[in-house]
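What follows is one structure encoded as structure tokens, with my remarks underneath.
The values are calculated or read from the model by the stated rules, or taken from the named source; none is laboratory data. Quick caveat, the model's predicted, so the values are computed rather than measured. FYI the Cβ positions are ideal-geometry reconstructions off the backbone, even for glycines, and counts take in every protein chain you see.
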Amino acid sequence: MAVRYSYLKEQFENCPELWDELKNFVSTGDFTLGEPLARFEVNFSKLIKSKYAIGVGSGTDAIKLSLVALGIKPGDEVITAANTFVATVGAICEIGAIPVFVDADKNFCMDTNSIEKKITSKTKAIVPVHFTGYMADMISVLNIAKRYNLIVVEDACQSILANIDGKNAGTWGNAGAFSLHPLKNINVWSDGGVIVTDDENLYKKLQLLRNHGLSDRDTVQILGYNSRLDTFQAIVGSWLLPKAVEISDKRISNAKYLDENLSTISQITIPDRPKNMRVVYHIYSVFAENRDGLLEFCKSKNIQAKIHYPVPIYKQIPVKKYSKGEIFPNSDWLAENSISFPCDQHLDENHLNEIILTCKEFYNK
């Protein structure tokens, strides 16, 4: 049995009511900052339990606009994770700020014990990355941020509905950034992003920033960006939002089943699953001996396993100048030893068993 990685075909294969709504919407011509976008933002904020939500063009823009709105300027240093996706670093660099890297812990997120030694007089912000569906230790991050008067923008693009002690990813810092990219747990049909915050003044500034700085059609309040979430995509997002909890619950259930069975294979190690954290498994990764051999064997059996990510961002050619030759051993170890398996809500027990049996077959050889 083949086990594919992308679930997009199943996600939208049976949605006649969505097609009807989109057809009706097209006739309105309300394509930019339309009423369905406002409705989506309200429902997203309710889901995340924030006061405000602002739809923007992408998860990358969600990080970038949040930093700009909070006053980050060219030359400011922003501490972030050495093992994140390029979008996090790209958002920081796009505004002329300087990324400063912190190594990962064995749960894929930044090692908060390493943050303070990276703080200088130029440090203005921390961007913790909630990676793979885990969350960074936000209690420690906020304590450090308070002590050094730093802003915090959470990159929660991979961890929608993850939480620590019931408090959701994205709601701890000054702002939280989410992605609606097609490969995310809650997705639309193109790029898209959302910023959440409880700060009314920040919310109002972000509304300006995403729309050229316009307060109305003819009045430019500040110089901003063109980064609006398309109203069309907001309709798609609104169709999926009521399923968000169900989607994350199913991913958690599938991950638990995989954990229980893969843990019986001595060559596979399951990452720590913190008791006070709701991990949502945007990416389900475990640690495997002879990882590359296992990966190729899975592919030969039509199991679409993946590596996230084989080359840590701090080692990528355009980014090396920021890491200044520093080595981040945990980030390297994760890149060399982790393997990701399909875990999404559309997989049943037969698919999961195929993954488990394939792993057992490889190591029994």
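Data table
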read-out	value
Conditions (1) surrounded by 12 or more Cβ atoms within 10 Å (Cβ to Cβ); (2) hydroxyl-bearing (Ser, Thr, Tyr); (3) without any contact (Cβ under 8 Å) to a residue 60 or more places away in the chain; number of the one not met by residue 300	(1)
Failed item, numbered, when residue 58 is tested on (1) free of Cβ contacts under 8 Å to residues at least 60 places away in the same chain; (2) touching a His at 6+ places or on another chain (Cβ under 8 Å)	(1)
Enumeration of residues in region 1-25 that are in a helix (DSSP H, G or I), in contact (Cβ under 8 Å) with a residue 60 or more places away in the chain and over 17 Å from residue 185 (Cβ atoms)	17, 18, 21, 22, 25
Filter result for residue 215 (without any contact (Cβ under 8 Å) to a residue 40 or more places away in the chain, surrounded by fewer than 18 Cβ atoms within 10 Å (Cβ to Cβ) and assigned to a helix (DSSP H, G or I))	no
Odd one out for residue 283, checked against (1) within 30 Å of residue 27 (Cβ to Cβ); (2) outside the structural domain of residue 16 (by TED's automatic domain parsing)	(1)
Qualifying residue in region 8-21 (condition: modelled with pLDDT of 95 or more, among the hydrophobic types (A, V, I, L, M, F, W, C) and either in contact with a Leu (Cβ under 8 Å, 6 or more places away or on another chain) or not assigned by TED's automatic domain parsing to the domain that holds residue 171 (or both))	no
Top-ranked residue of region 319-346 - restricted to ones that are of a type in the set (Asp, Glu) and crowded, with 18+ Cβ neighbours inside 10 Å, ranked as farthest from residue 293 (Cα to Cα)	344
Entirely in region 219-323, the helices (runs of 4 or more DSSP H) that have 3 or more residues that are within 24 Å of residue 190 (Cα to Cα)	231-240, 244-262
Selection count where residues are crowded, with 17+ Cβ neighbours inside 10 Å and touching a Leu at 6+ places or on another chain (Cβ under 8 Å), scope region 80-117	6
